[in-house]
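Working notes, beginning with the structure itself.
The values are calculated or read from the model by the stated rules, or taken from the named source; none is laboratory data. Worth saying up front: this structure is predicted, and the values here are computed from it rather than measured. Heads up, the Cβs are rebuilt from the backbone with ideal geometry, glycines too, and the neighbour counts pull from every protein chain shown.
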């Protein structure tokens with residue numbers, strides 16, 4: 001079976017790491033793998049272990065322009081025409097995508113008639129995500145519903161997402177399968193043993209709280225900075241937030257206004273966030289909404305104490321209702337500050353967190369995906385044969 005995976009770019013956050021990890025598992029299982037990137041040609045960052053995969057960069061040079069660079073929702077769809085041409089000229093058995101912009105682009109580009117089975121992995125709570133963007137882009141919820149309805153199978157990475165998809169697609173809904181996010185504990189542990197990069201001399205010998213994610217409103221790092229400002233009083237404590245995005249100036253300004261500008265560090269994207277997780281005093285997730293949050297599983301695998309918002313959806317499932325990390329209301333600065341203080345004073349059992357992470361082993365997740373992809377391809381083949389037979393019968397009647 002040849003599996004084509006459509007991603008925005010080789011580098012990025014949890015969604016890219018998850019799909020590339022699945023690609024390694026597919027190769028190990030004997031499948032052929034094509035990696036189709038919506039970005040322009042670039043180096044092979046994050047492609048270690050994928051040497052046997054075929055790699056294609058389908059993106060427009062416009063994606064490099066400043067107006068597009070940090071707006072994937074704008075430049076990923078620019079690859080739709082190139083993706084459609086590629087799928088017609090070099091078809092795979094299955095096309096797998098994840099994240100909103102790649103999912104919409106894959107559904108738009110997938111050819112009519114004989115085509116790969118289209119499998120879309122939904123990694124954000126749709127209602128919450130569309131609630132933020134739907135007001136700015138009129139008709140986006142309807143567009144998403146039509147695109148998702150075109151899939152042969154939808155994969156939800158949490159039970160919360162699956163339930164929300166059933167509300168979003170009340171009619172003509174393809175099958176929805178729940179497959180949790182995998183985490184390779186041993187890979188995380190190996191990477192965690194390396195020195196964190198980039199080096200920040202001011203952190204030497206100092207405890208720090210860690211956040212990780214795109215610097216966008218969804219991640220609500222403003223709440224984390226406000227909570228940190230309260231906790232940092234009387235403590236030699238720093239805050240590190242890994243990631244890039246358009247909110248960097250506002251977050252730095254907020255930290256300065258709260259008097260912690262010299263203790264809040266935004267070093268940008270880190271290729272190895274696990275080294276930071278293993279050394280953090282607390283890992284904090286402040287998101288307004290998520291899917292299942294890869295970074296929570298990775299922080300568990302690194303043994304790090306966790307404080308997370310109880311956002312839709314995923315953190316409550318991963319942390320088992322709060323057994324493996326504190327859950328606080330979304331946007332509640334006071335509750336987050338109190339939870340950070342408790343985690344700093346009582347970090348809890350790292351071995352229990354590690355055992356929890358081992359329950360999300362990649363081998364089991366890859367097997368689930370392969371079972372779903374094979375079934376989707378078989379169903380698609382049957383439908384194409386039935387359509388061909390019906391067309392032939394209609395032709396003979398006309399004759």
Open item on the list: Of everything in segment 353-379, what is part of a helix (DSSP H, G or I) and over 27 Å from residue 93 (Cβ atoms)? Give them in sequence order.
Closed with: 353, 354, 355, 356, 357, 358
TODO: Of the conditions (1) part of a helix (DSSP H, G or I); (2) at pLDDT 95 or above; (3) closer than 20 Å to residue 242 by Cβ, residue 304 clears all except one; give me its number.
DONE: (1)
TODO: Taking the residues in segment 164-186 that are in contact (Cβ under 8 Å) with a residue 24 or more places away in the chain and outside any loop (DSSP other than H, G, I, E, B) as candidates, determine which candidate is nearest to residue 362 (Cα to Cα).
DONE: 185
Task: Flag if residue 6 is touching a strand residue (DSSP E or B) at 6+ places or on another chain (Cβ under 7 Å), in a helix (DSSP H, G or I) and either buried (at least 22 other Cβ atoms within 10 Å of the Cβ) or modelled with pLDDT of 95 or more (or both) - done: no
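From the list 38, 73, which residue is modelled with pLDDT of 80 or more and at negative phi?
Matching residue, one of 38, 73: 38.
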Task: Tally of residues being surrounded by fewer than 12 Cβ atoms within 10 Å (Cβ to Cβ) and at pLDDT 60 or above across segment 384-399 - done: 2
- [ ] Select, from 291, 259, the only residue that is part of a loop (DSSP other than H, G, I, E, B), in contact with a helix residue (DSSP H, G or I) (Cβ under 9 Å, 6 or more places away or on another chain) and on the phi > 0 side of the Ramachandran plot.
- [x] 259
Open item on the list: Scan segment 222-238 and tell me whether some residue there is in contact with a strand residue (DSSP E or B) (Cβ under 9 Å, 6 or more places away or on another chain), outside the structural domain of residue 12 (by TED's automatic domain parsing), surrounded by fewer than 13 Cβ atoms within 10 Å (Cβ to Cβ) and in a loop (DSSP other than H, G, I, E, B).
Closed with: yes
TODO: Those residues that are more than 14 Å from residue 102 (Cα to Cα) and assigned to a helix (DSSP H, G or I), I need them from segment 137-161; list them, please.
DONE: 140, 141, 142, 145, 146, 149, 159, 160, 161
- [ ] Return a yes/no flag: does segment 79-92 have any residue that is assigned by TED's automatic domain parsing to the domain that holds residue 8, under 30 Å from residue 360 (Cα atoms) and either surrounded by fewer than 18 Cβ atoms within 10 Å (Cβ to Cβ) or modelled with pLDDT of 95 or more (or both).
- [x] yes
Task: From the options 261, 291, 322, 268, residue that is closer than 21 Å to residue 15 by Cα, surrounded by fewer than 22 Cβ atoms within 10 Å (Cβ to Cβ) and not assigned by TED's automatic domain parsing to the domain that holds residue 16 - done: 268
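Of all residues in segment 187-197, how many are surrounded by fewer than 16 Cβ atoms within 10 Å (Cβ to Cβ) and in contact (Cβ under 8 Å) with a residue 40 or more places away in the chain?
Matching residues across segment 187-197 total 4.
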Task: Test: residue in segment 108-131 that is within 19 Å of residue 78 (Cα to Cα), without any contact (Cβ under 8 Å) to a residue 12 or more places away in the chain and outside any helix (DSSP H, G or I) - done: no
- [ ] Please determine, by comparing only the residues of segment 198-221 that are without any contact (Cβ under 8 Å) to a residue 24 or more places away in the chain and in a loop (DSSP other than H, G, I, E, B), which one is nearest to residue 275 (Cα to Cα).
- [x] 199
Open item on the list: Can you find a residue that is closer than 18 Å to residue 237 by Cα, in contact (Cβ under 8 Å) with a residue 60 or more places away in the chain and outside any helix (DSSP H, G or I) anywhere in segment 329-341?
Closed with: no
